[in-house]
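*Asks:* Have a look at this one before I ask anything.
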Amino acid sequence: MIKQDEALPEADDLLPAVPSTGSVMRAKDFVVLIKRPENADGETLVLLHGSGGNETTLMSLAARIAPRSVLMGVRGRITQDGNKRWYRRLTPTSFDQGDIRHEAAAFADFLQDEVKAGSLDLDHTTFIGYSNGANLLAALTLLHPGLVERAVLLRPMSVLHKIPPTDLSPLRVLMVAGASDTTYVPFASALETMLRDHGARIAAHTIKADHGLGKQDVKIVSEWLARSNAVSLNQ
């Protein structure tokens, strides 16, 4: 479903996830919001929000990162205790493994449908995930290799317990952790190691920040994306 344009919150106002273990609802479809700049350059950013966010949450951040890219914000299908999420959480750092795999498969099907419909060219797409969205994105690369070639993981952690023997050599990943993000930064290195061990090319940064996003993230991601696009054009 495509939503109309609406007012967007500033990315700097994003808040950390709130612990939640209660009632869970699952939507049938992903809600999508697309923003097209007048001078679009042919690139698309697919945006995966964090806990409590939605399809609009990363729009402001992404517009500052890549002003000429088409932005596709996607809302996770899970609502847990009133918060939108990408999969069910048991504790702030423990997650339902079956639900991660179920929702990663559903998102993979969604992306393939978008490709078939001509709405998405994966050769010219970068995925940006924040927190819960970054974790789903990382799981997607491991469980459904080949869909994602470029991924930006903001404040991520490793969430999968069992990893398939996956070749991620075509994958380029930027990871940005916050040094003061005391709950999640201790888990970021495990994800970096896991992705490297499966062949992904990683650029990892730990910046002076907490779980929220800000100007440093915009600068690091925009510079990495410019280099990444240049590499793609020369291949």
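*Asks:* Quick one: work out the % antiparallel among DSSP beta bridges in segment 103-225, nearest 5.
*Replies:* 0 percent
*Asks:* Given DSSP loops and a limit of at most 10 other Cβ atoms within 10 Å, what is the longest stretch of the chain that contains no such trypsin sites (Lys or Arg not before Pro)?
*Replies:* The longest uninterrupted stretch comes out as 29-161.
*Asks:* Find the accessible area per residue for the chain; the probe is 1.4 Å, ligands and nucleic acids are left out, and the unit is Å².
*Replies:* 45 Å²
*Asks:* Could you give me the percent of Cα pairs per 5 Å distance bin for segment 126-235, shortest bin first, beginning at zero and ending with the bin that holds the maximum distance?
*Replies:* 2, 12, 26, 25, 19, 11, 4, 1
*Asks:* So, one more: Give the shape of segment 55-184 as rounded, prolate or oblate, defined through the alpha-carbon gyration tensor: a ≥ b ≥ c are the square roots of its eigenvalues, a/c under 1.5 means rounded, and otherwise the shape is prolate if a/b is larger than b/c and oblate if not.
*Replies:* It comes out rounded by the Cα gyration axes.
*Asks:* Tell me which aspartates and glutamates have Cα within less than 16 Å of Lys84's Cα, excluding those fewer than 8 residues away on the same chain?
*Replies:* Partners within reach: Asp29, Glu55, Asp96, Asp99, Glu103.
*Asks:* Same structure, new question: For the charge dipole of segment 74-155, defined by +1 on Lys and Arg C-beta atoms and -1 on Asp and Glu C-beta atoms about the Cα centroid, which residue among Ser131, Ala117, Gly82 has the Cα displaced farthest towards the positive pole?
*Replies:* Selected residue: Gly82.
*Asks:* Determine the percent antiparallel among the DSSP beta bridges restricted to the chain, to the nearest 5.
*Replies:* 30 percent
*Asks:* How large is the charge dipole for segment 74-158, taken about the Cα centre, if only the Cβ atoms of Lys, Arg (+1) and Asp, Glu (-1) carry charge, to the nearest 20 debye?
*Replies:* The dipole magnitude comes to about 360 debye.
*Asks:* So if the hydrodynamic radius of the chain is defined as the Kirkwood radius over C-alpha pairs, what does Stokes-Einstein give as its diffusion coefficient at 10 °C and 1.306 mPa s, in µm² per second?
*Replies:* 91 µm²/s
*Asks:* Now a separate question. Measure up Lys28/Lys162; Lys28/Lys219; Lys35/Lys215; Lys116/Lys215; Lys116/Lys219; Lys28/Lys215 against 29 Å on the Cα-Cα distance and list the ones that go over.
*Replies:* Listed pairs above 29 Å: Lys28/Lys219; Lys116/Lys215; Lys116/Lys219; Lys28/Lys215.
The values are calculated or read from the model by the stated rules, or taken from the named source; none is laboratory data. A quick note: this is a predicted structure, and the numbers were derived from the prediction, not measured. Virtual Cβ from ideal backbone geometry, glycine too; neighbours counted across all protein chains shown. Calculation scope for accessible area: heavy atoms of the full protein, side chains included, ligands and nucleic acids excluded. Shrake-Rupley method; radii C 1.70, N 1.55, O 1.52, S 1.80 Å.
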